[in-house]
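One structure is given below, encoded as structure tokens.
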């Protein structure tokens, strides 16, 4: 999905600036969730805007990733930077997680495919990192979480087959939350919180509270002590801070959301081609929030679109390329006021058309990537002003 969105975003015009409206109040939507804030963000998907311009960010550093001879990084389905390390998951091709230090030096691969208890059946589906550099990796095909220590050795394997989860998240106290297919679970829940022994502590959402009953992978993202969760095909995001629900953020696309306009496209029997022909917003892909920034990625007219909100300046941008003039970035990770991403070596990473458009719109560190002077893959750290 990421590659499809990336390729289309290179050729499509920039979409959407959004008018932002935060409406907050304290209420209780579901009893199990307790009290929380309610926020509504109104976006205009048909408005035009550009990505971050040079005067809106600084490139802090560009780190080339070193890999041992014969090892190649093909894809990044998730990137996390925490505790002085860079974690890159490839769940599509290499089926593992690569770990580097923040200088880009390769440290180890976390896990291999195999039939043993401490190996992946088909590769990692999602992962989280705790404060002790332990990797908690979810193998969705085997219904287990493999915990690696800070040197890449397996410490523990947690069997969660009794829940049949499709995805998992980890709160700051290292307790898990699970998103799962309720058709395999008698409790009628689609989101639960477990205690430290991995027994269900609370049911947070039930089938009548969400649009659909089939969970998807990577519906959770952690940034600092916040954990966000997007129920599949929902227009809202649940944001947990610590181990309690801080708020629910609803995104209003002026009615241009698939579950508002044409819900039968996704709950009925239709081909992927029929669904992709829908011209509005098909879904929220991921949401990340820190004390300084909010980053949302959603799919609009089959193109990945980013909405970035700066809490300090109260300004936002909406664009198919987060950085104006540089379309080669996706799968971002937000850390305080810093945004981190990875650019790959694709043989010819930039066409002449892209080069002519973007070269003079980006700072010198990114011009070096255009010129082929930076060895790829590389991780880019930039701060939003």
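The values are calculated or read from the model by the stated rules, or taken from the named source; none is laboratory data. Quick caveat, the model's predicted, so the values are computed rather than measured. Please note: Cβ atoms are built from the backbone with ideal geometry, for glycine as well, and neighbour counts cover all protein chains shown.
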query = For the range 69-80, does any single residue satisfy the condition of being on the phi > 0 side of the Ramachandran plot, surrounded by fewer than 14 Cβ atoms within 10 Å (Cβ to Cβ) and at pLDDT below 95?
reply = yes
remark   = For the range 324-341 the number of residues that are modelled with pLDDT of 95 or more and assigned to a strand (DSSP E or B) is 8
key: Selected residue (criterion: surrounded by the most Cβ atoms within 10 Å (Cβ to Cβ)) from residues of the range 269-280 that are free of Cβ contacts under 8 Å to residues at least 12 places away in the same chain and assigned to a loop (DSSP other than H, G, I, E, B)   = 270
inquiry  = Condition first: over 30 Å from residue 92 (Cα atoms), at pLDDT 90 or above and out of contact with any helix residue (DSSP H, G or I) (no Cβ under 6 Å at 6 or more places or on another chain). Can you find one or more residues in the range 221-241 that meet it?
reply    = yes
request  = Go through the range 213-268 residue by residue and tally those that are in contact with a strand residue (DSSP E or B) (Cβ under 7 Å, 6 or more places away or on another chain), under 28 Å from residue 79 (Cβ atoms) and outside any loop (DSSP other than H, G, I, E, B).
outcome  = 23
Qualifying residues in the range 159-173 (those that are crowded, with 21+ Cβ neighbours inside 10 Å and assigned to a loop (DSSP other than H, G, I, E, B)) - the one modelled with the highest pLDDT = 171
query = Are there any pairs, at least 6 apart or on different chains, whose C-beta atoms fall under 8 Å, with the first in the range 357-368 and outside any helix (DSSP H, G or I) and the second surrounded by 15 or more Cβ atoms within 10 Å (Cβ to Cβ), and if so, which?
reply = 362/54; 362/323; 362/324; 362/325; 362/326; 362/370; 363/54; 363/59
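Considering every residue within the range 52-60, establish whether at least one is modelled with pLDDT under 85 and either in a loop (DSSP other than H, G, I, E, B) or closer than 19 Å to residue 128 by Cα (or both). Can you show your working first?
Keep residues of the range 52-60 that are modelled with pLDDT under 85, which gives none.
The answer is no; no qualifying residue exists.
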